[in-house]
Amino acid sequence: MIERQTDVQPGKKARTRAFIAIGLFVALLAGLFVWQPDDLYLWIKALHIIAVMSWMAALLYMPRLFIYHTDAAPGSEQSETFKMMEQRLLKVIMNPAMMITWVLGLYLAWSVYGFQGGWLHAKLLLVVLLTGVHMMFSRAVRAFARDENTRSARYWRLMNEAPTLLMILIVIVAVVKPF
């Protein structure tokens, strides 16, 4: 018998690898805080950017899954495959990446900028909005899992643009610091 990626065993292996990766990431962070290198700020900033990239990749991919899932008949093998893909993307990549992004971002905002600056407040507001999109996608994963999606593929195509627009604004505000 051929083992498929939608079988239970590959899911357990993927979850284990994800926990190991997150554990190594946290161990690296803990090591940095214990070691206190002169360039700690740069290390934290680099890890923050890595977490943001992972979070954005998941936020950009999830609505694509929803678009295709919308076209799958509820209860079909294809629908069940999408359910598994959405669950794994949410739990293994999207949620941990968001949490790490927030923790490191708040650390940087506090330790480097003292939560001061109009640009920082604007960036935090935009990240709160991005988190709202994340939460909406999380609710959609649960709705799809119950075969209760009420949204069209067109809706999900439009929602695919929300993380992109917010990302563009966040990058501009963080790099240019216009106010």
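The values are calculated or read from the model by the stated rules, or taken from the named source; none is laboratory data. What you see is a predicted model, and the numbers here were worked out from it, not measured in a lab. When we count neighbours, we look across all protein chains shown, and the Cβ atoms used for this are built from the backbone with ideal geometry, even at glycine. SASA here: full protein model, heavy atoms, side chains in, ligands and nucleic acids out. Shrake-Rupley method; radii C 1.70, N 1.55, O 1.52, S 1.80 Å.
Once you place label points 7 Å from the Cα toward the Cβ at residue 64 and residue 30, how far apart are they in nm?
With each label point 7 Å from Cα toward Cβ, the separation is 3.5 nm.
How much net charge surrounds residue 69 when only other residues with a Cβ under 15 Å from its Cβ are counted (Lys, Arg +1; Asp, Glu -1)?
+3
Would you calculate, for the chain, the mean residue ellipticity at 222 nm contributed by helices, counting each DSSP H stretch of 4 or more residues as -39,500 (n - 2.57) and dividing by all residues, to the nearest 500?
So the helix-based figure for the chain works out to -27000 deg cm²/dmol.
What is the angle, in °, between the Cα long axis of helix 95-111 and the longest principal axis of the Cα atoms in the chain? Nearest 10 is fine, range 0 to 90.
10
For the chain, find the longest principal axis of its Cα atoms and tell me its angle to the long axis of helix 118-145, 0 to 90°, nearest 10.
20
Tell me which of 84, 11, 74 sits at the most positive position along the dipole axis of the range 1-136, charges placed on C-beta atoms (Lys, Arg +1; Asp, Glu -1).
11
Using Cα springs under 10 Å in a Gaussian network model of the chain, which residue among 30, 122, 46 shows the largest mean-square fluctuation?
30
Suppose every K and R has +1 on its Cβ and every D and E has -1 on its Cβ; what is the size of the dipole of the range 1-125 about the Cα centre, in Debye to the nearest 20?
My answer is approximately 120 debye.
Please identify the trypsin sites (Lys or Arg not before Pro) of the range 103-164 that satisfy two criteria: DSSP loop assignment and at most 10 other Cβ atoms within 10 Å. Which are they?
146
Carbon and sulfur atoms: what percent of the 1.4 Å accessible area of the range 20-179 do they account for?
70
Go through the range 1-88 and name the trypsin sites (Lys or Arg not before Pro) that are in a DSSP coil and have 12 or fewer other Cβ atoms within 10 Å of their Cβ.
4
What length, rounded to one decimal in nm, is gained on full extension from residue 73 through to residue 165, with 0.36 nm per residue of separation minus their alpha-carbon distance?
Roughly 30.0 nm would be gained on extension.
Cα-based Rg of the chain per 2.2 N^0.38 Å, rounded to two decimals?
Dividing the Cα radius of gyration by 2.2 N^0.38 Å gives 1.17.
Using Cα atoms only, what is the angle between the long axis of helix 161-176 and the major principal axis of the chain, expressed in degrees (0 to 90) to the nearest 10?
Helix 161-176 sits at roughly 10 degrees to that axis.
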